[in-house]
1. For A52 and E359, FRET efficiency with R0 = 45 Å and r from the beta-carbon atoms, rounded to 0.05?
2. How many nm is it between the label spots at E380 and T191, if each spot is 7 Å from the Cα in line with the beta carbon?
3. Project the alpha carbons of the stretch 246-325 onto their principal axes and report the range along each, largest first, in whole Å.
4. Say each of D390 and A234 gets a label point 7 Å from the Cα, pointing the same way as Cα to Cβ; how far apart are those two points in nm?
5. Using modelled backbone amide H atoms (1.01 Å from N, in-plane), which distant-in-sequence or interchain residues come within less than 5 Å of F304's amide H?
6. What translational diffusion coefficient, in µm²/s and rounded to a whole number, does the Stokes-Einstein relation yield for the stretch 121-262 at 25 °C and a viscosity of 0.890 mPa s, taking the hydrodynamic radius as the Kirkwood radius over Cα pairs?
7. Which of the peptides 79-90, 26-37, 359-370 is most tightly packed, and how do the rest follow, judged by the mean count of other Cβ atoms within 10 Å per residue?
8. Kindly write out, for the stretch 116-126 in residue order, the coupling ³J(HN,Hα) from the Karplus curve 6.51 cos²θ - 1.76 cosθ + 1.60 (θ = phi - 60°), rounded to whole Hz, with x marking Gly and Pro.
Amino acid sequence: MPHPSPDVEWGAGDASREPAGGAMPAHVYFHVPFCASKCSYCDFFSVEAGRAREQAARAYEALFEQWAGWVSRLGLRLATTAYVGGGTPTALGAARVAAFVATVRAEMCEAHDPEVTVEANPESLDEQTVAMLADAGATRVSLGVQAFHDDLLAVLGRPHDATRALNAARTVVSHGLELSVDLICGIPGQTLDMWRSSVHYAIETGARHVSVYPLSLESGTPLAAEVMLGRYRALDEDLVADMMLLARNLLEDAGLRRYEVANYAEPGRECRHNLAYWTGREYLGIGPSAHGMLRAETAREAGFVVPEGAARVRYAVAADLTQGFGEWPAMTVETLDAEQAAREDVMLGLRLAEGVALELVERAGLGVVVEGLVARGLLERTADRVRTTDRGWLLGNEVFGAVWTG
C-alpha cells in the first residue's frame, strides 16, 4: 500500500484504527484531468489524453482506488450525489466512462434517487455514449457547449461546432437524462444578438438546467495572451452585464429560475451536488486537483492531524498526474475555526438567490459588514434573511470579498 504523502498531515498509526462507519461524506466529486485538446481560455488542471496515454488508460482505476482509500479510513456511507467532472470524462472513451459510472452507481451511491452527473463535451458525446451512460446509471449530463456560433467556438478553441452541440444536447434529452447546458458570455466578437440566440438554442434543446458564466481571461492562457497582443478585443463590462441580465430574463421566462449566481433550473431540477458546496455540507474531492471539505471530526477520523479549535478542514489534491493519483495522494490542507467556517458559509450562501439566514450572519460576526453592503445597495434584507440585489449579483466578487475579509 502506498504511504501517505508527506505533504499531508496524517496522524501516526491512524491506518490501523477501526473505520468510523457513517463518517463518509454524502457528496463525492471525481476529477478526470484529461481532454481531447486544451481550450484557449481554460486554466483548470487538465492534460491532453494523447500526451499521457499511460495515466489516461488507468485514470478511472486510480480514482476508484483513491475512493477506496477514504472508505478504509471512514467506513462506507453511500453517497447521495456523485459528480464525474474534469477535464472531459467522456474523452477517454464511452466504455471506460460508462464502466466507471456503473461502479459509482452500484458501489458508491444510495439506491434511492441518487444524482450522478457526468461532464461531457459535444465532440465526445455521440448516441452510443449517451445510451451507455444511461444504462450505466448516470442521471445528469453537464454539457460544455459554451456557444452556438462556430466563429465564437473557434475563439475559445473548442473542438466542436454548433451543429454537433445541438445534436449532443438533443441526444441526452432523448435518452431521458437530465441535461445541463453551459454557456459563456463576454467572448471576444460576441454581440448581444448572438448571445440571445445562444440562450434560445439552449432552451430549445429541452435542457432543464443552464449555467451562464462570463468569460474570465486568466493569466497564462492562450486567449488572454491573444487579447493582450491585440488579436482579440475584450468586451466592455457593461455589455457583459447586459448579457447576464438578458440571459436571466430569457431563462426565467422559459421557466428556469436563477437559484445561484450562474445557475438556472426548473424548480426541483437544481443540481443537488453543487448545492452541497454552497450550503456547507461535507464533500470528498478525488483525483488530481480535486478539492474536498470535511468537518474537523471527520478529518480526524480520516487520519488528518487537526489542531484544537479547528472546525473545518479543506484540502486540495496535488494537480499532478504522479502525485495526485493513487490511494493516498499528495495534498495541501487548510483549517478553519468556527467563526471562519461560519463566515465561509455566509460567503458561499450569498451565491444562492435565496441568500442566507440572518442568524448565520450574526454567528459569523458579520452584522456590521452586511449592513455596510446593504447601505451600498449590494445586499437586501428580508424578515429573517439577507441576499444579493441585482447589483450585488453582478458585482458578486466585491460582495464575497467583503464578507470573507470581514
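1. Details: r = 48 Å, r/R0 = 1.08.
According to the calculation, E is roughly 0.40.
2. Calculated label separation equals 3.4 nm.
3. Taking max minus min along each principal axis of the Cα atoms, the stretch 246-325 gives 50, 33, 19 Å.
4. Result for the modelled spin labels: 2.5 nm.
5. Residues meeting the amide H criterion: G11.
6. Values: Rh = 15.7 Å.
Reported coefficient: 156 µm²/s.
7. Values: 79-90: 25.4, 26-37: 23.3, 359-370: 17.4.
The densest-packed peptide leads the list: 79-90, 26-37, 359-370.
8. Using θ = phi - 60°, the values come out as 10, 9, 10, 7, 8, 10, x, 5, 10, 10, 9 Hz.
Bear in mind these aren't lab numbers, they're just calculated from the coordinates by the rules spelled out. What you see is a predicted model; the values in this text were computed from it and never measured. Counting neighbours? That spans all protein chains shown, and the Cβs are built from the backbone with ideal geometry, glycine included.
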